[in-house]
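*Asks:* Sharing a structure here in structure tokens format.
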Amino acid sequence: MIITINDRVIEVPEGTLILEAAQKMGLTVPHFCYHPRLKPIAACRLCLVEVAGMRGLQPSCATPLKEGMIVRTDSPPSLESHREVLDLVLEHHPLDCPKCEAAGRCQLEDFTYEFGPHRVSNYQPPGLSGFDYEETPWSPLIKFDPFKCVECTRCIRVCDEIHDCHALTAVNRGHQFLIAPFGNGPLNCDFCGSCASVCPTGAIEQQPAQFWKKDWEYIRREAICDGCAHGCTVILKTWDERIAKVDDDWTVGINRANLCARGRFGFDIVESEKRVRTPLLRKNGKLEPATWDEALTAAAEMLANGTQVEGHASGYLSVEDLYAFSRLLHHIKGAKFTDSRDGDVTRAIASKIGCFGSTVDFDQFAGFDRVAVIEMDVERIDYVAQIDAASAGRKKELIAIGRIGSRLKKNTAKQMPLTPGSVAACGPRTLFVADAERVEEAILSAILKVMAKEENACGLMLLASQVNSRSLGPLGFSACPDAGQGTGAPVPGPAYLNVKGPDGARVIIAAPFLEGRALDADVVFPSALAYEKPGTYVNSEGRAQFSAGAVRPQGEAWPDAAIWARLGKLLGAEIPQTPREMIAAAMELAPSLADRRGRVRNIEPPTKIGATRLPLYAKHDGLFLRHSKWTRMMTEHLAATKDFAPWPRETDEG
């Protein structure tokens, strides 16, 4: 439809709001309560504009355009309305912009500069200076300044509408209006950080970034979060090769600005004191610092003299890392193992329906008539997928087959026992959501049998446990034959070699932290974490996403791909030496990594799907997040404030 804004004619789709059309034209209409992720409520009255033929000024954030509508955002009544509302907002607002952490990204600051007032008519500051009143520490991770709050309620609505958490509420009305946690006590919630992200001022801030730098001083880098297999895009704000904070951006990535606590606050593992910062060689029974040449030469000699080699990888390695490790093992005729059973499960699926893993994307949940969640707590393995499942459950039918987490129970329409018959009874156009690590073979067979009938038009979302678990199968890694359900330590390497030779057994490991198997290894290579290296990661959808390094590796750490490629070169293996060459070779070797919906043929199913050795959900916090100070403080805070939780939390590990 054709409409006119400020004498400019523009064509917009039906249902477009005035504010959205103005933004598309590059016009600024001040607003607080509007956010593109939230339902419009027209509460702040800051975005009022003049519409021909309509009495009075209209809220542009809640008024849909109609054919032929004529709008003026720059008329004198509109501009005067903007100025008066901002004048009222600033009446009790502390004017301490130079020291405010939101300076440079504060919408109140920007709108006041553009629309006025240049002098507040009745300014009543909360104190003679910003130090004369106290901020409210809701938790060790989130703080709240009530005097900077503009009462837009974005924080409450994002918590309710998107995350279904209901951890924040509005207390009192008028001049006593206040945003407060549930129960008017300490904040006990998901700690996704969305409340701080959508806040238009500095009222809600993340504690980890307190007193670092102004927003314009940070270097902004996009990366893929390694906390789970959803493949969320995070915005890393860095300064002097250090990560200051993690932000989101709803315009980029598949997560639509949704992050979990692991992704937003677990970034400080990069600077952990337990990081391995130099190669280590075992001499006289003790690990001693060594040069890279010494460590690589010693490892090459062990492999050259070895009679049997086993390689153990994990889903925390990028595609480039896994490819280099795989080619090294191929050259020395070593076995390829992993603690994850993702590779076995995806090969079983590919042999039946010709697709490695999932058949749908996360944004397709709502396209099915019903969503069946099979025996798992989605929130603990993939927080953002839980948001998608809950959203679909509010619009469609959500079925629980077996036990599911407490967060989804209130949206569940039907509870069914964990049997193949329950799967068959779900009916056509059902999306099955299953955990790759713990779905039973009988249940998986029942799902594949239902999906094999095209008239059923069913889909499968197979959630992986680690950021790149979905690459393990296509690159040849299978579950350890001696793995037991929930037993064994997770791979801390995340890659290591067991070498048996005439001198006995040796262990060569690439580890970011000195712990677990690294303590008993003969050679320890310092490996870089995900935010310290470029790499490609394949998420639960099967989507391959590239992540650029945000900061330099700690000490002398190298990316795993570089370690195994250099070691392979010493042994005469032909392994590409650059990330670009590695990813191209990996995609050629395993086309499913590049084309996630491509049909694969002649895939031999595994003789038996191995059992996982990965930790249960309650401990699945990313294998390295125990080194994060902020996530540790969050865990302690949640335990201490459990009585203020807005929903009952489950304490079991299943």
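The values are calculated or read from the model by the stated rules, or taken from the named source; none is laboratory data. Source: prediction; values computed, not measured. Neighbour counts run over all protein chains shown; Cβ positions are idealised from the backbone, glycine included. To get the accessible areas, we keep the full protein, side chains included, count just its heavy atoms, and leave off ligands, DNA and RNA. Shrake-Rupley method; radii C 1.70, N 1.55, O 1.52, S 1.80 Å.
*Asks:* Taking amide H atoms as placed 1.01 Å from N in the peptide plane, list the residues 5 or more away in sequence, or in a different chain, whose amide H sits under 5 Å from that of Met416.
*Replies:* Long-range HN contacts for Met416: Ala400, Ile401, Gly402.
*Asks:* Residue-wise, which Karplus ³J(HN,Hα) couplings in Hz belong to the stretch 502-515, taking 6.51 cos²θ - 1.76 cosθ + 1.60, θ = phi - 60°, and x for glycine or proline?
*Replies:* Once rounded to whole Hz, the list reads x, 8, x, 8, 10, 10, 10, 9, 10, 10, x, 10, 8, 6.
*Asks:* So what's the projected area for the chain, the Cα convex hull averaged over all directions, in nm²?
*Replies:* Numbers: hull surface 127.8 nm².
Over every viewing direction, the Cα hull of the chain projects on average to 32.0 nm².
*Asks:* Further, regarding this structure: Give me the percent of Cα-Cα pairs in the stretch 499-574 that sit more than 22 Å apart, rounded to a whole number.
*Replies:* Numbers: 1102 of 2850 pairs.
Everything past 22 Å amounts to 39 percent.
*Asks:* Here's something else I'd like to know. Would you kindly give the portion of the calculated P(r) for the stretch 42-198 that falls above 21 Å, as a percent of all Cα pairs?
*Replies:* On the way: 6708 of 12246 pairs.
In whole percent, the long-distance tail amounts to 55.
*Asks:* Add -39500 (n - 2.57) for each DSSP H run of 4 or more in the chain, then divide by its residues: what number comes out at 222 nm, to the nearest 500 deg cm²/dmol?
*Replies:* Taken over the chain, the calculation gives -6500 deg cm²/dmol.
*Asks:* I'd like to know which of Pro146, Phe32, Cys189 lies farthest towards the positive end of the charge dipole of the chain, counting +1 on Cβ of Lys and Arg and -1 on Cβ of Asp and Glu.
*Replies:* Going by the charge dipole, the pick is Cys189.
*Asks:* I would also like to ask the following. How large is the accessible surface per residue of the chain, computed with a 1.4 Å probe and reported in Å² as a whole number? Before the final figure, lay out the partial values.
*Replies:* Values: 27340 Å² over 654 residues.
Value for the chain: 42 Å² per residue.
*Asks:* Kindly express, to the nearest 10 degrees and within the range 0 to 90, the angle between helix 579-589's C-alpha long axis and the longest C-alpha principal axis of the chain.
*Replies:* Approximately 70 degrees, to the nearest ten.
*Asks:* Still on this structure, I have one more. Based on alpha-carbon centroids, what's the gap between the stretch 354-374 and the stretch 183-259 in Å, whole number please?
*Replies:* So the separation of the two Cα centres works out to 28 Å.
*Asks:* So, one more: List, in order, the whole-Hz ³J(HN,Hα) value for each residue of the stretch 25-42 obtained from phi through the Karplus relation with A = 6.51, B = -1.76, C = 1.60 and θ = phi - 60°; use x for Gly and Pro.
*Replies:* 7, x, 8, 9, 10, x, 7, 10, 6, 6, 8, x, 8, 10, 6, x, 10, 6
*Asks:* Moving on to the next point. Report, by chain and number, residues whose modeled amide H sits under 5 Å from the one on Leu168, excluding near sequence neighbours (fewer than 5 apart, same chain).
*Replies:* The list, which skips near neighbours in sequence, is Phe182.
*Asks:* Given the convex hull over the Cα atoms of the stretch 520-617, what projected area results after averaging over all orientations, in nm²?
*Replies:* 9.9
*Asks:* Residue by residue through the stretch 245-252, which ³J(HN,Hα) values in whole Hz follow from phi under the Karplus form 6.51 cos²θ - 1.76 cosθ + 1.60 (θ = phi - 60°), with glycine and proline marked x?
*Replies:* Running phi through 6.51 cos²θ - 1.76 cosθ + 1.60 with θ = phi - 60° gives 6, 10, 10, 10, 8, 5, 8, 10 Hz.
*Asks:* Mind checking the alpha-carbon convex hull of the stretch 1-131 and giving the volume per residue in Å³? Display every interim value, and only then the final one.
*Replies:* Values: hull volume 15.9 nm³, N = 131.
Cα convex hull per residue, to the nearest whole number: 121 Å³.
*Asks:* So, one more: Mind checking the dipole of the stretch 3-158: about its Cα centre, +1 per Lys or Arg Cβ, -1 per Asp or Glu Cβ, Debye to the nearest 20? If you can, show how the numbers build up before the last one.
*Replies:* On the way: 16 positive and 21 negative charges, 83 e Å.
That gives a dipole near 400 debye.
*Asks:* Now for a different question. Relative contact order for the chain using alpha-carbon pairs under 8 Å, separation at least 6, rounded to a whole percent?
*Replies:* In percent, rounded to a whole number, it is 16.
*Asks:* Which of Lys39/Lys395; Lys24/Lys395; Lys99/Lys143; Lys143/Lys396 have a Cα-Cα distance over 27 Å?
*Replies:* Where the Cα-Cα span goes over 27 Å, the pairs concerned are Lys24/Lys395; Lys143/Lys396.
*Asks:* Could you look at the chain and say what percent of its accessible area is carbon and sulfur, using a 1.4 Å probe and all protein chains?
*Replies:* Taking all protein chains in place, the chain shows 51 percent carbon and sulfur surface.
*Asks:* Among the trypsin sites (Lys or Arg not before Pro) in the stretch 559-613, which ones are in a DSSP loop with at most 15 other Cβ atoms within 10 Å of the Cβ? Mind listing them?
*Replies:* Counting only loop positions with at most 15 other Cβ atoms within 10 Å, the trypsin sites (Lys or Arg not before Pro) in the stretch 559-613 are Arg597, Arg599, Arg601, Lys608.
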